[in-house]
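S.K.: I have a structure here, written as structure tokens, and I will follow up with some questions on it.
The values are calculated or read from the model by the stated rules, or taken from the named source; none is laboratory data. Because the structure is a prediction, the values reported are computed rather than measured. We place every Cβ from the backbone using ideal geometry, glycine too, and count neighbours over all the protein chains shown. When the accessible area is computed, the model is the full protein with side chains, heavy atoms only, and any ligands, DNA or RNA have been set aside. Shrake-Rupley method; radii C 1.70, N 1.55, O 1.52, S 1.80 Å.
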Amino acid sequence: MTMRNIYNMKKLAFILFAFLLFSCASKSKGSSKNDLYEVLTEQSTGGANFRFYEILTESKEIKMLLGDPHLKGKIEETDINTSNFVILNMGTQPSGGYLIKVKSVEETADKILIVTEDSNPTESAISVISYPYTIVKVNSKKAIVVK
């Protein structure tokens, strides 16, 4: 495989993720709210087909979320100046019922540390490939580290 093919595959995966993110229904399950962060949505499907996280810090990136009809009312225009957003993708899973959860968020003098946790189905789940993702709003402009 050439470098160009790999680049094109990554580009296609990102475009597919963006399409899925903005076209899938978004039900917020057990939103976690406190002063430091808020889980805006936690979905069992609709994310990307590979595991990654993306930290949105620039106003252009965050404005992309403002246009998502499923996040309306959860993000305000002023959040662009005071908050960062994190998109967590669990990647391809063999069935429904998987989630990527925020286990903890800690603030230090110079950064925010987000610890994630994979949640596997507790019961037999529908045998369909899923793409779990979570979107987190961090009420800080400090650097973010995801573990």
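S.K.: Which residues, taken from segment 85-139, are in a loop (DSSP other than H, G, I, E, B), in contact with a strand residue (DSSP E or B) (Cβ under 7 Å, 6 or more places away or on another chain) and among the polar types (S, T, N, Q)?
M.R.: Ser95, Asn139 - these are the residues of segment 85-139 that are in a loop (DSSP other than H, G, I, E, B), in contact with a strand residue (DSSP E or B) (Cβ under 7 Å, 6 or more places away or on another chain) and among the polar types (S, T, N, Q).
S.K.: Follow-up. Does Lys74 meet the test of being within 22 Å of Leu36 (Cα to Cα) and charged (D, E, K, R)?
M.R.: yes
S.K.: With the structure loaded, tell me whether Ile144 is open to solvent by less than 40 Å² (accessible area, probe 1.4 Å), under 16 Å from Leu36 (Cα atoms) and modelled with pLDDT under 90 or whether it fails that test.
M.R.: In short, no.
S.K.: Can I ask one more? Hey, among the residues in segment 111-133 that are within 16 Å of Thr92 (Cβ to Cβ) and β-branched (Val, Ile, Thr), which one's least open to solvent (accessible area, probe 1.4 Å)?
M.R.: Val128
S.K.: I want to confirm something. Restricting to segment 45-100 and keeping residues that are open to solvent by less than 50 Å² (accessible area, probe 1.4 Å) and polar (S, T, N, Q), which single residue is modelled with the lowest pLDDT?
M.R.: So the residue we want is Ser95.
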